[in-house]
Amino acid sequence: MSEKRLISGFLTLGGWTLVSRGAGFLRDVMMAAYLGAGPVAEAFLVAFSLPNMFRRFFAEGAFNFAFVPLYAKKLEAGEDANGFARDAFNGLAGILIPFTVIGTILMPWLVWAMASGFAGDARFDLAVEFGRISFSYILFVSLVALLSGVLTTFGHFTEAGFVPVLLNLIFIAAMLLAQWLGWDMGLTLSWTVPITGIAQLAFTWVTAHRAGLRLTPGIPRWTPDLKRLAIIAGPAVLAGGVVQINLLVGRQVASFTEGAVAWLSYADRLYQLPLGVVGIAIGTVLLPDLSRRLRAGDIEGGRDSFNRGLEFGLALTLPAAVALVVIAMPLSTVLFQRGAFTSDDAANTAIALAAYGIGLPAFVLHKVLQPLFYAREDTRRPFRYAVISMIVNVAFAVGMMPVIGFMAAALATTVSGWVMVWQLWRGARPMGEAAQTDARFRHRLPRLVAASLIMGAALWGATILLGPALGMPFVRYFALLALVLIGAVAYFGFGTLLGAFRLAEFRALLRRRRA
């Protein structure tokens, strides 16, 4: 994949992810207005996080990291890639169907493991009820993740990118319908979860069929390829489990402070916007590209792909991280404070957002560095690194909770994220030239940092000047938009002057995309 095609893939998938995260943000704004940070909101957020946690454990964070390189290499070698995909699909379904049934039965124990601070109040019973309704989502969305991996390997980034958009659109429609018809909002949101899973699976199934993937559901077969997949996926599954333990610790810490689960969730939504747009797009496009290049022995091309992933990721996430820290309060107040969501809720959400913002570049660098290992079918070292990061996360969150309260959960995530980056970077050094930075990246990195800091200063000054407008009921939306525009102009203007990037590159890429 050429540099232009690689960046084009980043932009295509990133653009759809931006639409999805924008729709997801609108979904959360509506949820905050309807439910605030009260018991129903916290119960639903915990219930919805359960299938999503196990989804990342089984599919996106583990199974796909092992499946995509093997599938891409079979496709490159002209082997029976589709037969392998069919066996993997049936094998994953064979694991998830009984797991879904067991998880639904054991829901009280799962809720307690996720948020033991709920025990003894109304949030616990609500979370169990909502969790039993929504848990089947894990089956549908995990199969969707596998099919999306196939689509991105084929280069169908638009179709893969639309899948999460569909989820958020259905959620928005469900809340509007519930408001119109007077339905219970918590139950409406819970039943919407499995409905979206069915819709996503139907869409990806049809799209994959049109792309040439013929899937025949059946009894799983234990083939040599699946055995190899299981051997490679095993450490990745364990690593995914370690990541989810980090999230679990954060939920547990937050559950002992009333409202904190909601504050962290809404802050998470804001920082996930740039993370999803950049990090997920890079990781999804980079993994199959590196796998194919390694298969073909293209070391120089692999190094170029890796460096452009680093460059593209940091060019967008460094300024985003600075912005999330500097204007955390205006973002939280303007975007969430309305209806049942109070000024205190907005202030606590801003505190969590600033903590997450410091870790944003680390979370994106994960997505760039991990494919270096997974493309080589090395899942053992990322697992070891994840265990060390988990220990750091647990120690920081539990140790600092008596000192700084719920804030410990957000800061622990950031600290452990940077520890993981350091380990991945150090572990990739023996990989040779393909994992080395090139002259272009080394030239541009300090300039990207300088442009981001200048932008931060401009945002700080603009926030002071626009302070009164940011507190006015209707004008505040335009004031926040003005802040964003000021930041964008400052970053891209000074970035261009400093040589952090060249606008001619973007114009050439856009001309290619239009053609």
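This table checks each residue for (1) touching a Gly at 6+ places or on another chain (Cβ under 6 Å); (2) modelled with pLDDT of 85 or more; (3) not assigned by TED's automatic domain parsing to the domain that holds Leu264.
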position: Gly302; (1), (2), (3): no, no, no
position: Ser305; (1), (2), (3): no, no, no
position: Val325; (1), (2), (3): yes, yes, no
position: Leu331; (1), (2), (3): no, yes, no
position: Ala340; (1), (2), (3): yes, no, no
position: Leu353; (1), (2), (3): no, yes, no
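Of Ala62, Ala127, Ala119, all but one fail to be modelled with pLDDT under 85, crowded, with 20+ Cβ neighbours inside 10 Å and of a type in the set (A, V, I, L, M); the exception is Ala62.
Checking the stretch 207-223 against the condition returns no match, with no residue being under 22 Å from the mean Cα position of the chain (by Cα), under 30 Å from Tyr71 (Cα atoms) and modelled with pLDDT under 90. For the stretch 386-432, a residue qualifies if it is under 19 Å from Phe306 (Cα atoms) and of a type in the set (A, V, I, L, M), and the qualifying residues are Met420, Val421, Leu424, Ala428, Met431. Could you please find all residues in the stretch 371-396 being part of a helix (DSSP H, G or I) and more than 15 Å from Trp418 (Cβ to Cβ)? Answer for the stretch 371-396, where residues must be part of a helix (DSSP H, G or I) and more than 15 Å from Trp418 (Cβ to Cβ): Pro371, Leu372, Phe373, Tyr374, Arg380, Arg381, Pro382, Phe383, Arg384, Val387, Val394. Looking across the stretch 155-200, the residues that are at pLDDT below 85 and not in a helix (DSSP H, G or I) come down to Gly155, His156.
Count of the stretch 451-484 residues, restricted to those that are surrounded by fewer than 17 Cβ atoms within 10 Å (Cβ to Cβ) and either within 15 Å of Val325 (Cα to Cα) or aliphatic (A, V, I, L, M) (or both), is 12. Would you check if Gln337 is touching a helix residue (DSSP H, G or I) at 6+ places or on another chain (Cβ under 6 Å) and either charged (D, E, K, R) or closer than 21 Å to Arg269 by Cβ (or both)? Considered against the rule, which asks whether it is touching a helix residue (DSSP H, G or I) at 6+ places or on another chain (Cβ under 6 Å) and either charged (D, E, K, R) or closer than 21 Å to Arg269 by Cβ (or both), Gln337 comes out as yes. For the stretch 384-401, name all the residues that are touching a helix residue (DSSP H, G or I) at 6+ places or on another chain (Cβ under 6 Å) and in contact (Cβ under 8 Å) with a residue 40 or more places away in the chain. If the condition is that a residue be touching a helix residue (DSSP H, G or I) at 6+ places or on another chain (Cβ under 6 Å) and in contact (Cβ under 8 Å) with a residue 40 or more places away in the chain, then Tyr385, Ala386, Val387, Ser389, Met390, Asn393, Val394, Ala397, Met401 are the ones that fit. The selection criterion, being crowded, with 21+ Cβ neighbours inside 10 Å and at pLDDT 90 or above, holds for Leu448.
Of the helices (runs of 4 or more DSSP H) entirely within the stretch 402-490, those holding at least 1 residues that are in contact (Cβ under 8 Å) with a residue 40 or more places away in the chain and either closer than 22 Å to Val368 by Cβ or in contact with a strand residue (DSSP E or B) (Cβ under 6 Å, 6 or more places away or on another chain) (or both) occupy 407-428, 439-465. Residues considered: Gly212, Gly186. Of these, the only one that is surrounded by fewer than 17 Cβ atoms within 10 Å (Cβ to Cβ) and in the same structural domain as Asp28 (by TED's automatic domain parsing) is Gly212. Taking first residues from the stretch 173-184 that are closer than 15 Å to Leu26 by Cα and partners that are among the charged types (D, E, K, R) and at pLDDT below 90, the Cβ contacts under 8 Å between residues at least 6 apart in sequence or on separate chains come to Met175/Arg27. Selection of the stretch 73-116 for residues being free of Cβ contacts under 8 Å to residues at least 24 places away in the same chain and over 27 Å from Ile219 (Cβ atoms) yields Gly78, Pro108, Trp109, Trp112. As for the stretch 281-292, it holds no residue that is at pLDDT 75 or above and either farther than 28 Å from Leu169 by Cα or part of a helix (DSSP H, G or I) (or both).
The values are calculated or read from the model by the stated rules, or taken from the named source; none is laboratory data. Because the structure is a prediction, the values reported are computed rather than measured. Note that we place each Cβ from the backbone using ideal geometry, even for glycine, and neighbour counts take in every protein chain shown.
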